[in-house]
Amino acid sequence: MAGVKDGKRPYRSPVREENARRTRQAVVRAATELFVARGYAATSLADVAAEAGVARPTVFAAFGSKAALLRQVLDEALAGDDEPVPVARRPWFQPVWEAPDQGGVLDAYAGVCTLIGHRAAGAFETVRRAADEAPEVAELWETLLRNRRAGARMVVDRLLTLDGPLRPDTDTERAVDGLWFYNDPAHYAALVHRCGWTEESFRRWLGARMRDALLPA
């Protein structure tokens, strides 16, 4: 059996594994700061290693490439940590499943989008800007667009399990289009970062716009 010698299990060191995880976390934090501040093209793995206080080969061994590191930055910004738990099963997403009516679902989803915007708006903008010049980032950007649309569809499917119609001029696909438009972290960046809105003001505005787009007046 691969990985087993003389009938013994391969040795695992919890301390070593924890140290490796802490190193990865330090690298991701450093990469997040540099990618957002400088941009993708202007940030090298050597820059990230220096910021994280590790050797460049350590960064390469942990992530393999700068594009893979950027993907990890995005994954952790979206989820909030490095645990392998889908967004839909995160505690902060549960209000979407638990809301008793359609308006409550959209208000809860506005809260989710506000939280994600707080954590990931800068990283999203980094990817958007780099996508025009780096093919590997363009692929990541397309994945982000598809994933946002899948999230919007999941919320619309939840709406359809509850009593009440959608707007008369809105079918399922149009509803997904609307939520996909509004769940863009760029809205958070524009209104909170650029215009100085509070997060609560943004959340209320976003929930109201989602209701307007999907539910009858």
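The numbers here are math on the coordinates, done by the rules we state, and not lab data. Computed from a predicted structure; not experimentally measured. All Cβ positions, even for glycine, are placed from backbone atoms using ideal geometry, and neighbour counts span all protein chains on display.
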Query raised in the report: With a sphere of radius 14 Å drawn around the Cβ of C113, what net charge do the other residues whose Cβ falls strictly inside it have (Lys, Arg +1; Asp, Glu -1)?
Result: +4
Requested in this report: Could you compute the FRET efficiency for D177 and D75, with r as their C-beta to C-beta distance and R0 at 35 Å, rounded to 0.05?
Outcome: 0.90
Query raised in the report: Local charge sum around E33 (other residues, Cβ-Cβ under 11 Å, Lys/Arg +1, Asp/Glu -1)?
Result: 0
Requested in this report: List the equivalent ellipsoid semi-axes of region 87-214 in whole Å, largest first, each obtained as the square root of 5λ for an eigenvalue λ of the Cα gyration tensor.
Outcome: 25, 17, 13
Requested in this report: Jot down the radius of gyration and Dmax of region 14-79, Cα atoms only, both in angstrom.
Outcome: 11.1, 36
Query raised in the report: In degrees between 0 and 90, to the nearest 10, how far off the longest principal axis of the chain does helix 66-79 point, with axes built from Cα atoms?
Result: 50
Query - Local electrostatic count, A77, Cβ distance below 15 Å [Lys/Arg +1, Asp/Glu -1] - result: -1
Requested in this report: Work out which chymotrypsin sites (Phe, Trp or Tyr not before Pro) in the chain are exposed loop sites (DSSP not H, G, I, E or B, at most 16 other Cβ within 10 Å) and give the longest gap free of them.
Outcome: 12-196
Report summary line: Between A37 and E98, the FRET efficiency computed from the C-beta separation at R0 = 35 Å comes out, to the nearest 0.05, as 0.40
Report summary line: Neighbour-count ranking for T172, T32 (other C-beta within 10 angstrom, fewest to most) reads T172, T32
Report task. Over the residues of region 1-120, compute the C-alpha Rg and express it relative to 2.2 N^0.38 Å. Result -> 1.39
Requested in this report: Would you mind checking which residues have amide H under 5 Å from W197's amide H? H placed 1.01 Å from N; only 5 or more apart, or other chain.
Outcome: V192
Report summary line: With 0.36 nm assigned to each residue of separation and the Cα-Cα distance removed, A217 to R129 gains 27.9 nm
Query raised in the report: Mean 1/r over all different Cα pairs, inverted: what Kirkwood radius does the chain give, in Å?
Result: 19.3
Report summary line: Cα gyration tensor of region 147-191 diagonalised, 5x eigenvalues square-rooted, in angstrom largest first, produces semi-axes 21, 11, 9
Query raised in the report: So if we plug the beta-carbon distance of A190 and H118 into 1/(1 + (r/R0)^6) with R0 = 22 Å, what FRET efficiency do we get, rounded to 0.05?
Result: 0.95
Requested in this report: Any chance you could give the angle, 0 to 90 degrees and rounded to 10, that helix 135-160 forms with the longest Cα principal axis of the chain?
Outcome: 40
Requested in this report: Compute the acute angle (0 to 90°) between the alpha-carbon long axis of helix 102-130 and the principal axis of greatest extent of the alpha-carbon atoms of the chain; round to the nearest 10°.
Outcome: 40
